[in-house]
Each structure stands twice: as structure tokens, then as C-alpha cells.
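A.B. asks: My structure is below; once you've seen it, I'll send some questions.
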Amino acid sequence: MTKKYIYSYKNGDGKNKQLLGGKGANLCEMTQIGLNVPPGFVITSEACLSYLGDPQKNLQDGLMDDVKQHIQAVEKDSAKGFGDPNNPLLVSVRSGAAMSMPGMMDTILNLGLNTQTLNGLIQQTGDERFSYDSYRRFIQLFGKVALEIADEHFDKQFEAVKQRVGAKSDVDLTADNLKEISELFLQVVKDQTGLPFPQDVYEQLEISIKAVFNSWGGKRAVDYRREFNITKDMANGTAVNVVAMVFGNMGNDCATGVGFSRDPGTGENKMYGDYLVNAQGEDVVAGIRTPKAVQEMGQEMPEMYKQLVELRNKLEAHYHEVQDYEYTIEKGVLYCLQTRNGKMNAAAMVRTSVEMVNEEMISKEQALLRLDPELLEQLLHPRLPPNIKAVPLAQGLSASPGAASGKCVFDADRAEMLGRAGEKVILVREETKPEDIHGFFASQGILTSRGGKTSHAAVVARGMGKACVAGAEGITVDTKARQAVIGEQVLHEGDVITIDGSTGNVYVGELPTIKPEFSDELKTLLSWADQIAQLKVMANADTPTAAQQAVEYGAMGIGLCRTERMFNDVDRLPLVVDMILAATQETRQAVLDKLLPIQRNDFKALFKTLSPRPVTVRLLDPPLHEFLPTEMELTEELESLRQLRGTVKGVGNFLSSIRLSQTNSNELPAPFDEMGEEMLNDVIAKKELMLRKVRELYEVNPMLGHRGVRLGITYPEIYAMQIRAILEATAECVKEGIDVQPEIMIPQVTIAQELKRVKESVDSIQKEIESSQGIKLTFKFGTMIEVVRACMRAAPLAEVAEFFSFGTNDLTQASFSFSREDAENKFLPLYNESGILQDNPFEVLDVKGVGQLMSMTVEWGRKTRAGMKIGICGEQGGHPASIRFCHHIDLDYVSCSAPRVPIARLAAAQAKLLEDKYSL
Ligand code: PEP
Ligand code: MG
């Protein structure tokens, strides 16, 4: 055997977790820094792979000889003999891979017991009960793990004895009872395997090593690795630790416990953990007895407590990380059996990061790198308490995080009405559309039965920081009947539900939630992130409320204000509809003149909120038909309206429906029916006009049709109104001494000429305002890069545009030729599950395809315009791995929804700190 397959804890490389596993490496490291670890050695993961690769399933030649030599060293250190009938050494055989996989692989304790060593143990300890207890545990564990005998065969015998002697719990069993059980267990082994229980301790050891190796390929472990995406380069094979047993159950000067070096729930720097006097480790884990809080040890075993505090301090000082450790006290001697980095919740991670920097235990850079940015999501939304007992009624996709409760409502108007009346509501729809926006504002959360994580509902909810569960397919929404059906259950309007947008679960009734916390520690940590990061983090926000939240979360500006969201607000939508229905340019202009002051106020409010940070306003993007009802809706509506005509009752119904929707018009002028008939005819005429317009606007593929800048070219007066509103708002701010940095951004640009045309309009409006108001306006003009041709024509576009912003929602759609909604609803899940595509490219930037287009665009754009400002405002701009790529290709900023701003700030700092290690 030329390769070294076994390392003593005294000389194994504590940094080499791939080879020695996390547990083995840490045991080596702890031994070498002088902590009291029981003597032992580790068989490498390479030995495991070599064994698993052998068709005969033999251990390597010479491996067991090497094991013997290492056992001899352990015998020397422990002053006991393996298989020695008078003074037996017992060992544990434990699995341990590079990545922690709790409970997924096997462990055997008390190995080395046989009929002879058992007597030695009795003599050694003077405790017959303890010895038989250890023996029966060993036979069962060995039988189960190494000989594959089902637990039930042992449990049956165990329970039979317990019942016969009337023992309520295991501790009531006497030494004699346990002796009898041991003998019954030996018989179980013989019956089940046809062979006696192995008496040779080295045979026991060899069988156990093989069993632990085999458990790496067991179903549990394989499923776990798949579930948690543990790849071979993260962990390949398990190491095996063979360690001298120490006993926490040999009397009242013995104990066993588990601890965290800081409180994993809050991060507080204090002793934390549980222990049990006179017990074995598994008793703590199995919950057979209720453990005591570690603080009690201060009174009960003061000397031991002092040593434990020392151990914990040494562990932290060495690892520079919060530790999760296990220990045993055997006859007044403290042994550390295991340590690993502690897993904590987000609040505790943030607090310990900041406090460990203040204690000079770690650097700011280390503090920033120890947190997974996604973890911060926990802190920014109300959430359900962990381990919630309630059973979900349905499940959908976790589309926008946070938990929310409220009464079910099935259309946006009702949501608004009830919301205004102070009710908490959840908007439940099959899917949502832009015209539902007022319902979003009024709701606590949104639930849809169709659509993916980038559906309209998901994107808008995320933008607003509201909880959303999308695509809950088990729910059938019946808007007309104002109800939803889930199997047998029917939810009516007004029934209270809770949705958890972090898990996708939907519950009946109101569940308690935990409030979000943006603590001082988080603020400190993120301020360090900002000092280090190169990328700026902007927010996608369209309303002063969202903008305010973005500022609170530390956004350095608004990278995308979608003006169509402003158009959809209730007081503007009728005007927008009139604008679309206008038959002539004059009538359209008249409506635009009414919209102008509204938009100007919108922009001014945003500029003020963000001052002195930049605000990028994107001119109108979606196709106009999105502001109108669908053809089917209109046809149905017209049909029922026409039926009302000509009868007094029908007109009466019509009028009362108006009265319902117009809350202030309780009194209608007389003569009632004539007047009503006239109004009804007007409404019908308008709906007919609308229907004609909807048909006229029909497009085969609206996403590739008359939208974005194409609208601005064909209806220049619409863009002119928006440009004027932006520049007049700027002028007002300048006059009021408010420092503003507006940016005008054009969507869907494909051809440089398109951009030039809009720029001409901008120039002339700018001149006019400057001369009429006698001021100088400073702003930037730029374009979104959302179509492939725009990437290819980056150089000429950069002659006109002062900045680029990658709209990677559309650019991904265009590059893949996948429509986002169809892909997510139809084939993307299969693509992801079967590994054709690793990620959903609408969530995680496709760096290999879309990323390459971006990289070229950056290069060509900056060749024309040196140092050109370039950012990203698609959904992927808030995703950590995508942010690393954006840093790598030297973007200036990322822009994402407000609640993702803190995540992006941390990710931007990490991108900078990890740039040297970046690879595609
Ligand atoms: C984009 O396409 O990435 C973008 C931000 O625009 P929208 O999502 O509004 O189409
Ligand atoms: Mg777009």
C-alpha cells in the first residue's frame, strides 16, 4: 500500500476536509492545538472511494495492517488494550464527509465489546449495569448498521423484557434485565444472519469500517446530496473516524453535552447549550431525558464549567467562527468530541459578524464573507415562526417572500374597496394583469393559481415587497362566484387565509407572524459592504412608498422607474384609456395635457424622496392593449349591458350598479329612467369603441410588437408628455433647491435611429423649458439594452446614449427565444429537473449566453463612450451569483426590487472580495 490512507489525529492536516472529512479534520486540528480530544485516527475519503470502486468490495491490501498499527498507538495513549479482557479499549467508528450531512450516514459506538472484554469493562468500571447497557447498545447498533438487521427485531425483545419486569422507561431496567436483553440480542443476530455475533474485535472493526463506507452510497445519503446540491467537488466519499470511547455515563462526575459558542437564535455572546449528568451523547439527542441548560453546570460542576468555558473560548479563538461542539466529561476529565462551524439564523449571523469584528476576532472582510446574502431575506419580511404546526391547505411557488394574512377577495376592485375600509385582504386570482395594480396596493399579499416566479403577480409583488404565492395549481379560482375551490374545501370572499411567500404554503385562518427587523448590526454590516463594493446598488421602484423603502434599505438611487405602473393607478387609468381611444391627435393631446401635471407630480415626489441620488425614469413600455380590458371581457360586458336596454327594471339595475361603484353619487337626478337610458347608451357606445380599438390593437405577438420605443415613434406626443413631465419636475426641484439627478431611459431600442429621434424631442423640450424658465437642466439620456440587436449595435447606440441599462428580463427572453411565462409554466421545470438547464435563467443570469452578450456590449459601448455608465435592471440584478458576474464585467450598478437591496449590497461586496476566484 503506497498511498497513505490513515492519519493519526496528531498529524492529519486539519485544513484538508476533502480528504479527512469535516469531523476528522477538526479532530486533527483540535488535537494539534492542545485540546483534550480522545486519541484516534481517520481513514481517508480516498480509501472510501477506492473501496466502493472495487467490485469485490474488499478493503485495500494492507489497510487493516495500517489500522492495527494506529490502534496500537491509541492503546498506548489510552493505556488500554483493544480486545484486552482485563482493561479493554472501546472505540467509536464514525462517518464524516467534507460537507456535514447530519444523520445521513452511519456511526457505531462501544466497538470492541465481546463476552470477554465485557467482563473487563465491568471490572474496570465496577459498574455492571453500565457495562451491560453499553453491550446491548453495541449489539443492536452493530447489528443494524453492519449486519443490516432491522431495528424491530431488537425492539421486540427489548419491549418484551421491559413489559415483563414492569419497567416504565429504560432507566428502570436493572443490570440483570440488561444482561438478559444482551443475550436475547446475541440470539437475534444468530437467527437473522445464521452466524454468531463476531467475537474478534478486529473483525468487528473491519466490518464496521466497510459499513460506514457503504453508507456513503446508501439511499438516505444519496437523496440528501441530491436535495442539497452537494456535488463531488464539494464532498466525495466519507472518511471514517476511529476514536477511543469516553463515557459520560459512569457516575455523577460524568456528563455529556452539546453547545454553541454563542446563542444561535440571537447571536448573543454567551454560553449556550444543554448537558446531562451521567448520560451518553445519544441520550441528549434522543430526548430520553430532559437536559439542563449549560449555565446550571456552573453550580452543579463548577470546575468542569470553568474548563468548558475555556474550551469554548479556545475553539472560537482558533476557528474565528462560532462553533457547534460536543463534549463528554468522564470522571472529572473534559473531552471535546467534535466541533464544526455553527449554523445560525440570519439575525444571529448578522450580530455575530459585527460583534466578532468589534472583538477583533475577524476582519470586516471576513465578516462580510461569512454570510450567505440570501439569508438576509429572512430579516426583511414578516415571517411565520419556525416549526409552525399548521397544515397547509395548498401549495404554490414561493414567488415573493414574507407571510401575510387577510380576507380572500377575488378581484382588484373589491380588494381596493375593502382595503380602503381598513380590512386586511389577500387578493386571490387565477393570474394578475397590469390593470389589477390598485388591488395590489390594497392587499397584504397576492395568491394566484397560475403563473411562475416571474409572472406579473410575482414581479409586481416583489417590487412592492408584498408576499406572493404564485401558481398554486391545486386551487380553482372562480372570480364570478367569488370563491376558490381546493379539493373539498371552498374559500368564500371574506374567509381568512395566510400565505407564506417564502415557502409557497397557503393556510386557512390567521397565523401569527414574526416582525421584520433591520437592526443596527445589519446597518453596520451593510455600511462595511458599501465601503468595499465597487458596484452601486439601485432599486426598481415606481411609487414614493417603494422609493422610501428603497432608501431605507440603502438604495443608492432608482435604477428603474416603470412609468406604466403610474399609468395604471386608479386616478389615471380612465385618462390613459381616453388617450388610447382618442380618434385624432388633438383629442389625444387634450388628454395628455391632463396627464402631464399628474406625471410631473409623480416624478417630483420621486426626485424629492431620492434627492440627491439618481432616478432613472423609463418612458412607456408595454403595448397599449394592456391598459384595456380583453376582447372577451368586453364582449361579455356589452352583451349584458345591451340586455338592460329598454326596460325600466334593467335601467334601474344599471343605475344602482353605478351608484355602488360611485360611492358619492347616492342621488341620481330625475327623470330617472330617461336619464338612465341615456347614460346606459353612452356607456355602451364607449364600450363598443373600446372593443373596436382592442381589435385594432390586436397583435399576433405583442411582446415583439408595437411597444417600447416603437410606441414613442408612432405616438411621439406620448413620449413628449413624459419627457416634459420629467424635465418640468426637474426644473421645479432645481428652483426649490432640491438636488436631483434625473435620467431618461428609453425601452426596447433596436436601432440607433430610434434613439436619435427621441433624443431630438428631448433636446427641443429641454431648450424650451430652459429658455422659458431661465434655468439650466442637468440630466442623462440613455437606453435599455433588451434585445439582441441592441447588443450588437452597442457602439452606435453609445454615440447617443449616455448610459446603458441591461433589461435582462427581455434580453433573456430574446436570447433564448423562450417566452418567460410559457417557459415557466410549461417546460422550464422539466429542463431544470433533468439538468438540461441548471437554473431558471429568469432568476439567475445565464452568464454563459446572455452574459456574453452583455460583456460584448460593455466593451463596444465603452469603446465609443469611454467610462460609459452601465448597469442592469432585470430581475437577475438582485441575485448574488448574477451580481458577481456583473462585477466581473465591470458594470457600474445593479438595480433590483427594494427588498432585495440589502442582499445585493452584501453580494456586491462579496463580488469584489472574491473577484480573484471568479471563473465562468
Ligand atoms: C427587463 O426587460 O429586464 C426590464 C427591466 O423591463 P421589464 O421587466 O419592464 O420588461
Ligand atoms: Mg423589458
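Bear in mind that the values in this text are calculations on the coordinates, not laboratory data. All values derive from a computational prediction rather than experimental measurement. Reconstructed Cβ throughout: ideal geometry from the backbone, glycine too, with neighbour counts over all protein chains shown.
A.B. asks: Ranked highest first by the average count of other Cβ atoms within 10 Å around their residues, in what order do 239-252, 787-800 fall?
C.D. replies: Result, highest mean first: 239-252, 787-800.
A.B. asks: Relative to the first principal axis of the alpha-carbon coordinates of the chain, what is the inclination of helix 752-773, with its axis defined by its Cα atoms, in degrees from 0 to 90 and to the nearest 10?
C.D. replies: It works out to around 70 degrees.
A.B. asks: Next question, about the same structure. Assuming a ≥ b ≥ c are the square roots of the Cα gyration tensor eigenvalues, decide whether segment 688-771 counts as rounded (a/c under 1.5), prolate (otherwise, with a/b larger than b/c) or oblate.
C.D. replies: Because a/c hits 1.5 or more and a/b exceeds b/c, segment 688-771 counts as prolate.
A.B. asks: Pull out a ≥ b ≥ c, the square roots of the eigenvalues of the alpha-carbon gyration tensor of segment 394-508, then state rounded if a/c is under 1.5, prolate if not and a/b is larger than b/c, and oblate in the remaining case.
C.D. replies: Here segment 394-508 falls in the rounded category.
A.B. asks: To the nearest 10 degrees, how steeply does helix 672-697 sit against the main Cα axis of the chain, on a 0 to 90 scale?
C.D. replies: 70 degrees
A.B. asks: At R0 = 41 Å, how high is the FRET efficiency between Glu310 and Val171 if r is their beta carbon distance? Nearest 0.05 is fine.
C.D. replies: On the way: r = 32 Å, r/R0 = 0.77.
Computed FRET efficiency for Glu310 and Val171: 0.80.
A.B. asks: Still on this structure: Measure off 7 Å from each Cα along the Cα-to-Cβ vector at Met99 and Met632, then give the distance between these two points in nanometres to one decimal.
C.D. replies: 4.4 nm
A.B. asks: Take Val391, project a point 7 Å from its Cα along the Cβ direction, then tell me which residues of segment 467-490 have their backbone nitrogen under 16 Å from it.
C.D. replies: 486-490
A.B. asks: Which value in nm describes the separation of the simple spin-label points at Arg710 and Asp569, placed 7 Å from the Cα toward the beta carbon?
C.D. replies: 3.0 nm
A.B. asks: How would you order 692-703, 80-91, 47-58, 804-815 from highest to lowest mean count of nearby Cβ atoms within 10 Å?
C.D. replies: Taking the mean over residues of other Cβ atoms within 10 Å, the ranking is 804-815, 80-91, 47-58, 692-703.
A.B. asks: Working out 0.36 nm times the residue gap between Glu696 and Arg645, then minus their Cα-Cα distance, what length gain in nm do you get to one decimal? Could the numbers behind the result be given before it?
C.D. replies: Numbers: separation 51, 0.36 × 51 = 18.36 nm, distance 2.68 nm.
Gain in length upon complete extension: 15.7 nm.
A.B. asks: Classify segment 255-344 as rounded, prolate or oblate, taking a ≥ b ≥ c as the square roots of the eigenvalues of its Cα gyration tensor: rounded when a/c is under 1.5, otherwise prolate if a/b is larger than b/c and oblate if not. Mind showing how you got there, number by number?
C.D. replies: Working: a/c = 1.57, a/b = 1.32, b/c = 1.18.
Because a/c hits 1.5 or more and a/b exceeds b/c, segment 255-344 counts as prolate.
A.B. asks: Could you give the dipole magnitude of the chain about its Cα centre, charging the beta-carbon of Lys and Arg +1 and that of Asp and Glu -1, in debye to the nearest 20?
C.D. replies: Dipole size: approximately 1420 debye.
A.B. asks: Among the DSSP beta bridges whose two residues both lie in the chain, what percent are antiparallel, rounded to the nearest 5?
C.D. replies: Bridges in the chain are about 60 percent antiparallel.
A.B. asks: Looking at Pro373, Gly504, Leu121, which one has the Cα that reaches farthest to the positive end of the dipole of the chain (charges on Cβ: Lys, Arg +1; Asp, Glu -1)?
C.D. replies: Most positive-ward Cα: Pro373.
A.B. asks: Identify the residues of segment 305-335 with backbone N under 19 Å of a label point that sits 7 angstrom from the Cα of Thr266 along the Cα-to-Cβ direction, or state none.
C.D. replies: 322-323
A.B. asks: Using per-residue counts of other Cβ atoms within 10 Å, averaged over each peptide, order 398-404, 859-865, 502-508 from highest down. The partial results should precede the final answer.
C.D. replies: Numbers: 398-404: 25.7, 859-865: 17.0, 502-508: 20.1.
Most protected by this proxy first, the peptides run 398-404, 502-508, 859-865.
A.B. asks: Treating the angle as unsigned and between 0 and 90°, give the value, to the nearest 10°, between the Cα long axis of helix 175-193 and the longest Cα principal axis of the chain.
C.D. replies: Helix 175-193 sits roughly 70 degrees off the main axis of the chain.
A.B. asks: Calculate the spin-label point distance for Lys523 paired with Ile738, positioning each point 7 Å from the Cα along the beta-carbon direction, and give it in nanometres.
C.D. replies: In this crude label model, Ile738 to Lys523 measures out at 2.4 nm.
A.B. asks: Determine the equivalent ellipsoid of segment 98-171 by diagonalising the alpha-carbon gyration tensor, then write out the semi-axes as square roots of 5 times the eigenvalues, largest first, rounded to whole Å.
C.D. replies: So the three semi-axes of segment 98-171 are 23, 20, 12 Å.
A.B. asks: Filter the cross-link list Lys424/Lys480; Lys826/Lys848; Lys407/Lys693; Lys433/Lys848; Lys306/Lys364; Lys80/Lys331 down to pairs whose alpha-carbon distance in this structure exceeds 26 Å. The partial results should precede the final answer.
C.D. replies: Details: Lys424/Lys480 21 Å; Lys826/Lys848 23 Å; Lys407/Lys693 36 Å; Lys433/Lys848 32 Å; Lys306/Lys364 31 Å; Lys80/Lys331 16 Å.
Lys407/Lys693; Lys433/Lys848; Lys306/Lys364, as the Cα separations exceed 26 Å there.
A.B. asks: Over the alpha-carbon set of the chain, divide Rg by the Kirkwood Rh and report the Rg/Rh ratio to two decimals. It would help to have the intermediate numbers written out before the result.
C.D. replies: Details: Rg = 34.9 Å, Rh = 32.3 Å.
My calculation of the ratio gives 1.08.
A.B. asks: In terms of Cα to Cα distance under 24 Å, which lysines are near enough to Lys756, apart from those fewer than 8 places away along the same chain?
C.D. replies: Reachable lysines: Lys767, Lys776, Lys780, Lys863, Lys869.
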